[in-house]
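Peer 1: What follows is a structure written as structure tokens; I'll ask about it next.
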């Protein structure tokens, strides 16, 4: 864990909480990314506009931080392109099946003490632990080289 950065993590977490709180207080909307992104393609008028601005802000904000900080970003993956496509489709399917994604349930749902979100996050965490165990210890897939 050589890249542990507690201050930037604390600031980032605070900004996520501030954005999620602002969205629910000012617009009455939950900051679940899968629902917001899906609405970009299905909503109309003002609904589509704020959703598109939210998604664009995620991308533009990350790009601005990288540009302004001078951080060199290196993307490495041991996954194949078909594997990444399959993973993306499974995540999208799971988000729709679970009526939300990790951000919606984990950040906003738990903050509202939603029973459905508490169960969903528990299922996310247990599933993630099982998958990591299977991939690393049963299948023998190496971690980063």
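Coordinate-derived values only; no laboratory data. The shown structure was predicted, so the numbers you read here are calculated from the model rather than taken from an experiment.
Peer 1: Report relative contact order for the chain in percent, whole number only (criteria: Cα-Cα under 8 Å, sequence separation at least 6).
Peer 2: Values: 72 pairs, mean separation 31.8, N = 145.
It comes to 22 percent, rounded to a whole number.
Peer 1: Once the Cα gyration tensor of segment 1-85 is found, what semi-axes does its equivalent ellipsoid get, as square roots of 5 times the eigenvalues, in whole Å, sorted largest first?
Peer 2: 27, 20, 13
Peer 1: As a check on your grasp of the helix formula, calculate [θ] at 222 nm for the chain: sum -39500 (n - 2.57) over DSSP H runs of n ≥ 4, divide by the residue count, round to the nearest 500. Present the calculation step by step, with values, prior to reporting the outcome.
Peer 2: Details: 5 runs with 93 residues, N = 145.
Rounded to the nearest 500, it is -22000 deg cm²/dmol.
Peer 1: One quarter of the convex hull surface, Cα atoms only: what value does that give for the chain in nm²?
Peer 2: Working: hull surface 43.9 nm².
That works out to 11.0 nm².
Peer 1: Principal axis extents for segment 78-145, Cα atoms only, whole Å, descending order, please.
Peer 2: Between the extreme Cα coordinates on each principal axis of segment 78-145 lie 40, 23, 18 Å.
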